[in-house]
Amino acid sequence: MNARDPLSSRILSTLLTTRSAQVPWRVLLRNTAAAIVPLALGIASGRLLAGIAMAVGAVVTMYSDQPGPYRQRLTRLLAVSAAGGVATFLGLTLREHFPALLAASLVVGFAGALLVVFGDAIARVGMVAMMLLVIATDLPASTLAAQLQLTAAVTAGGLLLTLFSIAAWPLQRYGPERDALSEVYRGLAALARQPQRGDTAPELTESMTTLQHTLLGAHRARGPVMDTFGVLLELAERIRLELIALSATDPGEAIGRVVQGEAARALDGVSAVIMAGHDSSQALAGALNALHSAEHVLGAHEQTLAAAPWRHFQSLSGQLSAAARNAGRADARGAQRHVREELDLPRALRPQSILATVTASLSPRSAAFRHAIRSAACFAAALWLGRLLGIGHGYWAPMTVAIVLRADYAATWSYGVLRVAGTVLGLVLTTALLHFLPADPWVRLAVMALLCAGFRYFGTVHYGVAVACLTGMVVLLLALAGEAPEPTMIARLLNTVVGSAMALTAYGLWPTWERGRARGMLARLLHAYATYLASLGAASGAHERGVARLAARVARGNAEASVKRLLVEPATPAPLAELAQSLLTNSNRLALTIMTLEASLSHSRRPAERPEDELIRQSAEALRQVAEALRTEQSPSGLPPIRALQWHLAQRLAANADAGASAELEGLSDRLVDNINTLAHIVGRAAPVRGLPQPA
């Protein structure tokens, strides 16, 4: 979707865009059960209100049930449940004191929206608090005892979902870690099977980053099995580098056929053994024997093979053997043969202290601060307007604001359009259901279970369909409580339209356009690549190179997200869009060159000073200067003479006895200099873009 498309085309594109499903069936079942079981118990016991309150607590919590280590999952769900309980109590006790409720909505709206600085998972804590603050104002509880009981019921709904989410922890202690690691090795197998990839973006970036945080993050598990997972993580990094290097050096038909065949099957086998969770290394024997047999056949004709691809293939074969050995130890009885240092997420990627992060965000220049101010004002205004207009279930308007209003234009637009469309679709669906379904509560409960599962499933596929399911579920839920469905449906539609319109208006009145931040994000990407490149030309160990590589990977993910937001914003200047896309495309080529260079240099023992070190250091410095020129909107000047250094390096390499390694290094050094000079040219050519209007 292009920002300059007509409004009708943009709406149609938003309505028709879908994504692949990301919810495993077991998550779907446990989330649905957490919402439906309390309702069933409430109907059976005659305590329907308590059942409804628990179901509400489970429904608003279920999107926080995300993949990850059990410790992380538990911490996240407990935080959501606690925040929801506090917000529910505030809403119940302050609803008769409207000025105090408005003040509370401002505080909760600001604090809840500011949590976006900690990422989407933590931001859901704030969103749930905002939603339950206003939902509670519609719950019937006139005494303090009744208010406490409803607060406990809502909190219990979140805790029940938490219990269902971590129930498998004692039986499957390392399940999330195995899932993430196995997925990466499946991805490596797919990477091996791909034909020549040229200058496309580095593969498996998102999966590798997720795996790093799963295995090395603050909430990781501990013990010998986790140490083995750490070894497999490092091997996955090295295998990925060798596969990229093989693609870059044109392995030829003979080696390429073995990589796409036997090596890919071995990677699939490693993935299966990791996922099995017990020592089934014998299952890998056939795949490894086939790989080694093919390697011996190739070795007999070594003279006919290109030196660089053959060297990378041999390294790949050795790493696959090591991965197979360690995959067999990745169970509760596994033990390491070597003592390894404590694994931890690199310091540069660990979250800052909460206080430092929040303090840095309390500035009008901060996108999170602007989002928090917008959210608080719009949330409170929607609450006031709902009370003023007297529309039934007026809490739906501020709740819609809490859901729709996001920190960026693209998400706000998408959620606004899809929420209105989904509500209309849901009301049509509900009308049909109420017309054909019998009034029996158990029949309605069964339909609600299907709608709840649809809400959870389609939340990541198509938000509009998810809202349609939620709308049907809400109307049926209120019908169970004795409310007439027709007024409920009308109130739902009116409040949704009002809330979505307010959210879009609030963003339009005080926007945070990506065009004011994209340059800085791309500059940080180039600087991260410069640090990664510099680590190859210094006396750095594997750990330091790994830290730099991971930092570059995270910076690339952030830059890609920024450019994606930039391209869908209205009135994005065409020169800036072209600059961002060109820089992203060419930085991907640079990343492939650096990764291939790392794989190539890893095959030789490092002397005190290598001929290529000076070129690498000066190239890293040139890239830093290009990044700074991009950030300050200047044309790069006074760059180190990296092309001359590359020419001198080529002359020295020509006299090297190892002709194959020298030819590969000469080609890589030429690509490196060309990549950096291209980036410098793009930044210099776009320097006049600095005159474009910037957001206030």
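Coordinate-derived values only; no laboratory data. Keep in mind that this is a model prediction, so the values were computed, not measured. Cβ sites come from the backbone with ideal geometry, for glycine too, and all protein chains shown count toward neighbours.
Would you mind computing, in nm to one decimal, how far apart the modelled labels at residue 209 and residue 432 are, each placed 7 Å from Cα along Cα→Cβ?
In this crude spin-label approximation the distance works out to 4.0 nm.
Under a 5 Å amide H to amide H cut-off, with H placed in plane at 1.01 Å, what residues pair with residue 305 once short-range neighbours are removed?
none
For 313, 118, 98, what's the fewest-to-most ordering of other Cβ within 10 Å of each Cβ?
98, 118, 313
From the phi of every residue in the range 304-316, what ³J(HN,Hα) in whole Hz does the Karplus formula 6.51 cos²θ - 1.76 cosθ + 1.60 yield, where θ is phi - 60° and glycine or proline is x?
Values, residue by residue: 8, 9, 5, 5, 5, x, 4, 5, 5, 5, 4, 5, 4 Hz.
If R0 is 30 Å, what FRET efficiency do you get for residue 446 and residue 163 from their C-beta distance, rounded to 0.05?
Efficiency for this residue pair is about 0.80.
Tell me, in nm to one decimal, what length is gained between residue 47 and residue 581 on full extension, where the rule is 0.36 nm per residue of separation less the Cα-Cα distance?
Length difference between fully extended and current span is 186.4 nm.
Of 601, 115, how do they rank once you tally other Cβ atoms within 10 Å and put the fewest first?
So the residues, fewest neighbours to most, are 601, 115.
For the chain, find the longest principal axis of its Cα atoms and tell me its angle to the long axis of helix 175-193, 0 to 90°, nearest 10.
50
If you fit an axis through the alpha-carbon atoms of helix 659-685 and take the longest principal axis of the Cα set of the chain, what angle between them do you get, 0 to 90°, nearest 10?
Here the helix axis deviates by roughly 50 degrees.
Between residue 16 and residue 250, how many nm apart are label points set 7 Å from Cα along the C-beta direction?
Going by the 7 Å Cα→Cβ label model, 4.1 nm.
Once you order the gyration tensor axes a ≥ b ≥ c over the Cα atoms, which shape class does the range 514-691 get: rounded for a/c under 1.5, otherwise prolate or oblate by comparing a/b with b/c?
Since a/c reaches 1.5 and a/b is larger than b/c, the shape of the range 514-691 is classed as prolate.
So between residue 628 and residue 614, what do we pick up on full extension, going 0.36 nm a residue minus the alpha carbon distance?
Extra length from residue 628 to residue 614 when fully extended: 2.9 nm.
Quick one: 3J(HN,Hα) in Hz for the range 31-44, Karplus 6.51/-1.76/1.60 with θ = phi - 60°, rounded, Gly and Pro as x.
5, 5, 4, 4, 8, 8, 4, x, 5, 4, 5, x, 5, 5
Residue-wise, which Karplus ³J(HN,Hα) couplings in Hz belong to the range 133-144, taking 6.51 cos²θ - 1.76 cosθ + 1.60, θ = phi - 60°, and x for glycine or proline?
Ordered by residue, 3J(HN,Hα) equals 4, 8, 4, 4, 5, 9, 7, x, 7, 9, 10, 4 Hz.
What is the extension gain from residue 146 to residue 296, computed as 0.36 nm multiplied by their sequence separation minus the C-alpha to C-alpha distance, in nm to one decimal?
46.3 nm
Using the Cα centre as the reference, give the magnitude of the dipole from point charges on the C-beta atoms of the chain (Lys, Arg: +1; Asp, Glu: -1; all else neutral), rounded to the nearest 20 debye.
Here the size comes out at about 1140 debye.
I'd like the chymotrypsin sites (Phe, Trp or Tyr not before Pro) in the range 505-596 restricted to DSSP loop residues with at most 10 other Cβ atoms within 10 Å, sorted by number.
none
How much net charge surrounds residue 34 when only the other residues with a Cβ under 11 Å from the Cβ of residue 34 are counted, with Lys and Arg +1 and Asp and Glu -1?
Taking every other residue near residue 34 into account, the sum is +1.
With angles folded into 0 to 90 degrees, how steeply does helix 264-276 sit against the dominant principal axis of the chain? Use alpha carbons for both and round to 10.
Tilt of helix 264-276: around 40 degrees.
Once you list every other residue whose beta carbon is under 12 Å from the beta carbon of residue 503, what net charge do they have if Lys and Arg are +1 and Asp and Glu are -1?
Here the charged neighbours net out to +3.
What residues have an amide H closer than 5 Å to that of residue 249, excluding those fewer than 5 places away on the same chain, when H is modeled at 1.01 Å from N in the peptide plane?
Excluding prolines and chain starts, which carry no amide H, there are no hits.
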